[in-house]
Amino acid sequence: MITIQVRDIKSAPLEKGVTALFVEQDTLDTPLLREIAKIYFPHLLHAMAEQKFSGKLGSSFVLPIVHEQAIAHILFIGLGKRGQNGMISVEQYRRAVGYAVRTAEQYRWSSLQMRLPFAQNFGITDAQLAEYTVIALKMAHYYFDEFITDPMRKFHVTNFTLIPEGHDVAALEQGMKTGRAIAHGVNQCRRWIDLPPAYLTPVELATVAQKIAKAQGLSYTVFGEQEINEMGMGGLAAVSRGSARDCQFVIMEYHCGKKNAPTLGFVGKGITFDSGGLSIKPAEYMENMKDDMSGAAAVIASMEVLAQLKPSVNIVAFAPLAENIPSDKATKPGDIATFYNGKTAEIKNTDAEGRLILADALSYAEKHYTLDCIVDLATLTGACAHALGPFYSGLMSFDDELVARLQKASEQSGDKLWRLPLDDDYRPAIKSPIADIQNIGSKRYMAGTITAALFLSNFVEKTPWAHIDIAGTAFNVPDLPYYRPEGATGVGVRLLVALAMNWQ
Ligand code: BES
Ligand code: MG
Ligand code: ZN
């Protein structure tokens, strides 16, 4: 359990437990620090200088203090420097919050109170400050220890208290509420991804989505493997054929209740395990392939969040779910799939399965809904992880307006995006001599992330559409203190929520 309360500075003095204070780099000589020095330790600034603590982002300084014979701690957390715009970035603040949580864990402090910095330092409102603080705290606090039995390895901070100082407390409460909903969504998403593939199968993830839909009043539709075959979703069916576990196609809908409201479509790749199929992956490449449903997890979790935040747009989420595994029934290289929109593709490599299931989902979305945009999220290509590494997801779109909206949502939310060219010059790479297209690009064109996106573009004819490749960002992202270095990040949830909340 984690409780976050807002408590006034008077009822939560520094002498109790652990209090984190955020300090700006190279500006340690402030009235507050002087006052702390005066009360607790006159040599504070000297001691900081001696330990080379300057307030750099990623650094901290612990001051043990004694009050009425009890030991308490003041934890100074570096925020780093202001940028060119004269502000400390929200991302610096998120990381500083992450470092505070990590420090508390290292010291095994079970509760942590934090003095909230002033929102103006970051160019945001008090409500946003509270929202971003709660999200960073809860994301940093996330852990996946369901399968760990050693209690010594299960230590967690259990109480977080936020202490305002001249903030608008009503705005803080409002922002915390939003932050709680978003953080819960992100962490749920991470848990589904972190669950082993034997626990989180296509049917299991569909069931989770159904429970969420029921609890949040969303409409829910699911098609099973037989219906998927009958409907002519030949891509999803082809990928699932080798597996004994049934594939699923999940649709969740949020209706805002306003007339003529725009409708956004979210699509997420949901391969609950990607062995590569008959084009089997080498062992090392398969290790983390339980994460191949990260896109689906993100869109399902976003729906849970948005059902609570209630934006003035309708949203439809589509999640094609399957397991990609070989057997005597499995699809073979050389097979041809016919998709929901009637197009055909030669399956030259069964490991390029994500685009096959997305093709059907995108076709279905376009045929049955009138959408103002479609955004798909997919752990689609290793090439994207190579090109951009773990910090930026690849963004591809023909629609500059949708890109601008996504970039704004990206800057606000912290889910970073980098646009790659979706240029028709690459299109010949996926021409097939015997079908409409083929599911891998010919070698001469390289650019596997772009040719994968161009494959998908065959299944979106009329809707502004953006494809986001999260292969590098969904799992095992190093160095970010509000993530864990191992495991799922929940990338995409904050982004989609911001996109929908800003749409208007
Ligand atoms: N799920 C993988 C992509 C992936 C790779 C995700 C690394 C996360 C980390 C995808 O299904 C895949 O196997 N793609 C192939 C495509 C290739 C055969 C054209 C790849 O990237 O190697
Ligand atoms: Mg694959
Ligand atoms: Zn895959």
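Just one of the numbered conditions (1) assigned to a helix (DSSP H, G or I); (2) open to solvent by 50 Å² or more (accessible area, probe 1.4 Å) is not true of residue 497: (2). What tally of residues in segment 333-363 results from selecting those that are assigned to a loop (DSSP other than H, G, I, E, B), within 16 Å of ligand 2 (Cβ to nearest atom) and open to solvent by less than 30 Å² (accessible area, probe 1.4 Å)? Selection size over segment 333-363: 4. Is it the case that residue 219 is among the small types (Gly, Ala, Ser), open to solvent by 10 Å² or more (accessible area, probe 1.4 Å) and within 16 Å of ligand 1 (Cβ to nearest atom)? Against the criterion (among the small types (Gly, Ala, Ser), open to solvent by 10 Å² or more (accessible area, probe 1.4 Å) and within 16 Å of ligand 1 (Cβ to nearest atom)), residue 219 does not qualify.
Taken over segment 473-490, the residue count meeting the criterion of being open to solvent by 10 Å² or more (accessible area, probe 1.4 Å), within 16 Å of ligand 3 (Cβ to nearest atom) and assigned to a loop (DSSP other than H, G, I, E, B) is 1. Considering the conditions (1) more than 16 Å from ligand 1 (Cβ to nearest atom); (2) within 28 Å of the chain's Cα centre (by Cα); (3) of a type outside the set (D, E, K, R), residue 236 is excluded by exactly one of them, (1).
If you go through segment 288-311 and pick out every residue that is under 17 Å from residue 204 (Cβ atoms), more than 16 Å from ligand 1 (Cβ to nearest atom) and open to solvent by 10 Å² or more (accessible area, probe 1.4 Å), you end up with 1.
Let's see how each residue does on (1) farther than 18 Å from residue 438 by Cβ; (2) out of contact with any Ser or Thr (no Cβ under 7 Å at 6 or more places or on another chain):
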residue	(1), (2)
342	no, yes
350	no, no
356	no, yes
364	yes, yes
376	yes, yes
393	yes, no
406	yes, yes
414	yes, yes
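Somewhere in segment 98-115, is a residue touching a Ser or Thr at 6+ places or on another chain (Cβ under 7 Å), part of a helix (DSSP H, G or I) and within 14 Å of residue 21 (Cβ to Cβ)? Yes: one or more hits. Screening residue 285 against (1) of a type in the set (Phe, Trp, Tyr); (2) in contact with a Gly (Cβ under 9 Å, 6 or more places away or on another chain); (3) crowded, with 24+ Cβ neighbours inside 10 Å leaves a single unmet condition, (3). If I ask for residues that are on the phi > 0 side of the Ramachandran plot and surrounded by 18 or more Cβ atoms within 10 Å (Cβ to Cβ), which ones from segment 58-113 would you list? Selection gives 80 alone.
For segment 261-279, filtering for residues that are part of a strand (DSSP E or B), open to solvent by 10 Å² or more (accessible area, probe 1.4 Å) and either of a type in the set (Gly, Ala, Ser) or near ligand 3 (Cβ under 10 Å from one of its atoms) (or both) leaves 1.
The values are calculated or read from the model by the stated rules, or taken from the named source; none is laboratory data. Note that this is a predicted model, so its numbers are computed, not measured. Here Cβ is always computed from backbone atoms with ideal geometry, including for glycine, and neighbour counts include all displayed protein chains. What goes into the accessible areas is simple: the full protein's heavy atoms, side chains included, and nothing from ligands, DNA or RNA. Shrake-Rupley method; radii C 1.70, N 1.55, O 1.52, S 1.80 Å.
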